[in-house]
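Let me begin by presenting the structure, written as structure tokens, before commenting on it.
The numbers here are math on the coordinates, done by the rules we state, and not lab data. Everything numeric here is computed off the predicted structure, so don't read it as measured data. Neighbour counts run over all protein chains shown; Cβ positions are idealised from the backbone, glycine included.
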Amino acid sequence: MSVINRLATTLGRRDDVPNRELARELAETKAVEDIRELVANLQNRDRKIQSDCIKVLYEVGYIAPELIAEYAEDFLALLRSRNNRLVWGGMSALAAIAKLSASTLFDHWEEIREAIEKGSVITVDRGIKALSIVAAQRTEYGAVIFPYLLTHLGRCRPKDVSRDAEAILVAVNSGNKKEFVAVINARMGDMRPAQVKRLKKVLAVAEKR
């Protein structure tokens, strides 16, 4: 039976439970053929099937990123879609495989940045996470990407500073922590008490790098 027949849309469901359950099963059984079929159907004419496919794929990526890492180029292509669901879904998949596919994502990091700059809240969240992970993998990656991450952190919405700082922390090291700490301290005046508390925890970790 085609894996498409097990998607929420095909089953007539409006919730995501079937998709999440399918993702867990595919990850546990390492169902590479079914995963390949889902990737192929990211181009399906039915937008609902497209959406369900990317949902299952990035859920698989959360559990077993190695099963979808080879499809980095397919997920990058989704960033150019006019369907916002596919854009942030593709970015979610990229974040899940960023460590395994760092070289590919680095080669296309400017495309990821462009998607972040014009994307939804989820696209931004997953995109910053993906770029931060890539930046952490090699010194040369960080040298190119980290300045952008700092620029983003310095201008993002106050309510997003804590979340984004936590994501960027993975790319902080002894050579760049001074700049990272300076940006956070500069944003402190915009923060509410709960956000300040989160940022102080980030700073405590950064100072130890």
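Taking the Cβ-Cβ separation of residue 103 and residue 209 as r and a Förster radius of 25 Å, what is the calculated FRET efficiency to the nearest 0.05?
Working: r = 24 Å, r/R0 = 0.95.
E(calc), rounded to 0.05, equals 0.60.
Using a simple spin-label model with points 7 Å from Cα along the Cα→Cβ vector, what separation in nm is obtained for residue 120 and residue 139?
Spacing of the two 7 Å Cα→Cβ label points: 4.1 nm.
Compute the FRET efficiency between residue 156 and residue 2 as 1/(1 + (r/R0)^6), taking r as their Cβ-Cβ distance and R0 = 45 Å, and round to the nearest 0.05.
Working: r = 42 Å, r/R0 = 0.93.
Efficiency, from the Cβ-Cβ distance: 0.60.
The list (1) 9, 33, 30, 20, 8, 0; (2) 8, 36, 39, 15, 1; (3) 8, 30, 31, 20, 9, 3, 0, 0 gives values of P(r) over Cα pairs in 10 Å bins from 0, in percent, and only one came from this structure; which label was calculated from it?
Step by step, P(r) over Cα pairs in 10 Å bins from 0, in percent for this structure corresponds to label (1).
What shape does the stretch 78-199 take by its C-alpha gyration tensor, where a ≥ b ≥ c are the square roots of the eigenvalues and a/c under 1.5 counts as rounded, a/b above b/c as prolate, and the rest as oblate? Intermediate values should be presented prior to the final figure.
On the way: a/c = 2.18, a/b = 1.29, b/c = 1.69.
Taking the square roots of the gyration eigenvalues as a ≥ b ≥ c, the stretch 78-199 is oblate.
Could you calculate the contour length gain from residue 48 to residue 63, that is, 0.36 nm times the residue separation minus the distance between their Cα atoms, to one decimal place in nm? Walk me through the numbers before you get to the answer.
Values: separation 15, 0.36 × 15 = 5.40 nm, distance 2.31 nm.
My answer for the length gained is 3.1 nm.
Could you work out how far the C-alpha centroid of the stretch 158-183 sits from that of the stretch 105-127, in angstrom?
17
At what distance in nm do the modelled label points of residue 25 and residue 182 sit from each other, each positioned 7 Å from its Cα along Cα→Cβ?
5.5
Quote to one decimal, in nm, the extra length available between residue 190 and residue 73 on full extension: 0.36 nm per residue of separation minus the C-alpha distance between them.
Values: separation 117, 0.36 × 117 = 42.12 nm, distance 3.81 nm.
So the chain would gain 38.3 nm between residue 190 and residue 73.
Greater than 27 Å separation of Cα atoms is the criterion. Which listed pairs, 30/201; 48/118; 129/178; 118/197; 30/208, meet it?
Working: 30/201 38 Å; 48/118 23 Å; 129/178 20 Å; 118/197 29 Å; 30/208 39 Å.
30/201; 118/197; 30/208, as the Cα separations exceed 27 Å there.
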